[in-house]
Amino acid sequence: MIPYSRQQVTENDIKEVVKVLKSDYLTQGRVVPRFESAISKITNAKFATAVNSATSALHISCLALGLRENDYLWTSANSFVASANCGVYCGAKIDLIDINNDDWNISIKTLENKLKLAKKNNTLPKILVTVHFSGQPTFQEKIYQLSKKYKFRIIEDASHSLGASRNEVNVGSCKWSDVTVFSFHPVKIITSGEGGAITTNSEKIDAKLKSLRNHGIIRDKNLLINKKSGPWYFEQISLGLNYRMTDIHAALGLSQIKRLKSIIKCRNKIANIYNELFFDLPISPVKINEGNISSYHLYPIVLNNENNVKNHKKIFEYLRSNKINVGLHYIPIYRHPFYKKYKFQISKFKNTEKYYSSAMSIPIFVQITEKEINHVYHTLKKSLSVQFNV
C-alpha cells in the first residue's frame, strides 16, 4: 500500500536520538533549546517554543493571547478539528469560514463580509486561526490588514507549511500574525515523532508560552515575586500544563530540520511531475498562488467530471483496492458530531461542501519512487473511466 505520506528517518537521525538516550538528560536538557533556535533561524522569527504536539501549541497560543470563555474564535471550515478545538478548550465560541474554490484556503472575501456583519452584531472574533492548507500560505498580508481594522489576534496554523513562503516571507516569521504553530507529526514535512512548535516576535508572548507549557511555572529570578528565597525556589504564576517536548523528540527534529530545504525541493519536484502527468485528466490539483512556495505536505485534487463526482466514493475505494492509500483532507469541521451543537448552516459553506464531495489526497513523500508515481497515475486514470454501477 502506497501511503498518502510517510516519514523519512535516516541513520543520522537515529544516531542523534541515541546520543540523547545515552546522555544525562532525556528531557529539560540542552537539546530542546537548540531545536528552538533552529526553528527561529529557519523561519526568521525572534522566538520559538517547542511543545509535545501542534494541538498543545494551538491551545497555549490561545491562552497566551488571552482567549477566554464566551470570546469568539474563528477558523477555516476545511481543517483538522484541532484548529477549532483549541478555542473550545478555552471556553470560547467557535465560528467557521468558507474556503476558496481553487486553493482551498480561507476565503478573504467571505471573511471580510463576515467581519462586517460581526461588527454590527458585536460578535467579532478575539482570535482568527488561519490554516495554510496542504502547505500553501494563505493571503496572510490581507488577513493581517483586516486584523488591524477589526482588532482580532492571529494564529497561523502552519502545521502543513514548515519551509513554505509567501512573497519571499517565510511562514513562521510572524510578519503578519501574532504567533505561528507547526506540527512535527510523522506525516508532516519533518518529524520529531510527536511534537509541535510556536514562533512569535513578542518577548512577552514567548515568556507566557514557555511558562504555560511547564505548569505555569517561572524560574527567572528577575520575574519572581519573592526574590529573596534560596536557589531551590520557583513560582507558579498561572494554571499551565505539562506540554513540554522531550530532548529525545527534539534530537530527531533537530536532525531532520537540517534537511528541510532538500525536503521542500523534493516535494515540489514530485508535485510538478504529478501536474504534468495529470494535465489531461478531468481533475484539478491545488492552485499555487502567485508569490507562494508550497511545502506540499499534501497533494490534493478534486474531480471535475460530474459523473466522477457522483462516483467519488467508488473512485476512492477503487484506488485503495489497488494499493493507493488516498486520504481526504478534511472532513469539514461542522460535519463532526461534536460540532453539531453549534448548529452551523451547511448552506453557508458551499465551496467547502463542493470540495469535500470531490476531493482526495494523492500520495506524496520524499521516498516515493518513479514506479509508485506511475502506478498512482495509471490507476487514477483508469478509475476515472470505469463504469461504476450507481
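Calculate log10 I(q)/I(0) of the chain for q = 0.13 Å⁻¹, where I(q) comes from the Debye formula with a single equal point scatterer on each Cα and nothing for solvent.
-1.09
In a shell of Cβ-Cβ distance under 13 Å around Met1, excluding Met1 itself, what net charge do Lys and Arg (+1) and Asp and Glu (-1) give?
Numbers: positive: Arg6, Arg320, Lys323; negative: Glu372.
Net charge in that neighbourhood comes out at +2.
Summarise the accessible area of the chain (1.4 Å probe, protein heavy atoms) by the percent that is carbon and sulfur.
Numbers: 9640 of 18640 Å².
Of all accessible area on the chain, carbon and sulfur atoms account for 52 percent.
For segment 89-212, give me the percentage of DSSP beta bridges that are antiparallel, rounded to the nearest 5 percent.
Numbers: 8 of 16 bridges.
Antiparallel bridges: around 50 percent, rounded to the nearest 5.
With every protein chain kept in place and ligands, DNA and RNA left out, what is the accessible area per residue of segment 286-361? Probe 1.4 Å, answer in Å².
On the way: 3860 Å² over 76 residues.
Per-residue accessible area for segment 286-361 comes out at 51 Å².
Holding the Cα-Cα limit at 28 Å, pick out from Lys46/Lys142; Lys109/Lys340; Lys46/Lys151; Lys323/Lys350 the pairs that are longer than that. Don't skip to the answer; put the middle values down first.
Details: Lys46/Lys142 22 Å; Lys109/Lys340 25 Å; Lys46/Lys151 23 Å; Lys323/Lys350 32 Å.
Beyond 28 Å between Cα atoms: Lys323/Lys350.
Along the Cα→Cβ direction, 7 angstrom out, place labels at Leu26 and Lys204. What is the inter-label distance in nm?
Those two pseudo-labels are separated by 3.9 nm.
To check my understanding: the extent here is largest minus smallest coordinate of the Cα atoms along each principal axis. What are those three numbers for segment 245-390, in Å, largest first?
Taking the Cα atoms of segment 245-390, the three principal extents are 50, 44, 34 Å.
Order these peptides, 125-132, 14-21, 196-203, by their mean beta-carbon neighbour count within 10 angstrom, highest first.
Details: 125-132: 26.4, 14-21: 15.5, 196-203: 24.0.
Ranking the peptides 125-132, 14-21, 196-203 by packing returns 125-132, 196-203, 14-21.
Take the alpha carbon gyration tensor of segment 48-160, find the square roots of its eigenvalues, order them as a ≥ b ≥ c, and report rounded if a/c is under 1.5; if not, report prolate when a/b exceeds b/c, else oblate.
Values: a/c = 1.66, a/b = 1.10, b/c = 1.51.
Oblate is the answer for segment 48-160, as a/c is 1.5 or above yet b/c matches or exceeds a/b.
Take peptides 229-239, 182-192, 87-97 and line them up by average Cβ neighbours within 10 Å, highest first, as a rough protection proxy.
Numbers: 229-239: 10.6, 182-192: 24.0, 87-97: 19.8.
Top to bottom by mean Cβ count within 10 Å: 182-192, 87-97, 229-239.
If you average the C-alpha positions of segment 27-105 and of segment 290-321 separately, how far apart do those two centres end up, in angstrom?
Centre-to-centre distance over Cα atoms comes out at 27 Å.
Between Lys382 and Lys19, with labels modelled 7 Å along Cα→Cβ, what's the label distance in nm to one decimal, could you check?
Between Lys382 and Lys19, the label points sit 4.8 nm apart.
With 16 Å as the cut-off, how large is the P(r) tail for segment 50-93, expressed as percent of Cα-Cα pairs?
Numbers: 291 of 946 pairs.
Distances greater than 16 Å cover 31 percent of the Cα pairs.
If you restrict to DSSP beta bridges whose two residues both lie in the chain, what percentage is antiparallel, to the nearest 5? It would help to have the intermediate numbers written out before the result.
Values: 27 of 45 bridges.
If we restrict to bridges inside the chain, about 60 percent are antiparallel.
With a 1.4 Å probe and all protein chains in place, put Arg34, Arg320 in order of accessible area, largest first. Let's see the in-between values first.
Working: Arg34 125, Arg320 105 Å².
Ranked from most to least accessible, the order is Arg34, Arg320.
Counting only helical runs of four or more DSSP H residues, what would the 222 nm mean residue ellipticity of the chain come to if each run contributes -39,500 (n - 2.57) and the total is spread over all its residues? It would help to have the intermediate numbers written out before the result.
Details: 13 runs with 143 residues, N = 390.
About -11000 deg cm²/dmol.
Looking at this model, which pairs from Lys287/Lys354; Lys265/Lys310; Lys175/Lys204; Lys15/Lys371 are more than 24 angstrom apart at the alpha-carbon? Before the final figure, lay out the partial values.
Values: Lys287/Lys354 16 Å; Lys265/Lys310 36 Å; Lys175/Lys204 16 Å; Lys15/Lys371 31 Å.
Result: Lys265/Lys310; Lys15/Lys371 exceed 24 Å.
The values are calculated or read from the model by the stated rules, or taken from the named source; none is laboratory data. No experiment lies behind these values; they were computed from the predicted model shown. Please note: Cβ atoms are built from the backbone with ideal geometry, for glycine as well, and neighbour counts cover all protein chains shown. All accessible areas refer to the heavy atoms of the entire protein, side chains included, with ligands and DNA or RNA removed. Shrake-Rupley method; radii C 1.70, N 1.55, O 1.52, S 1.80 Å.
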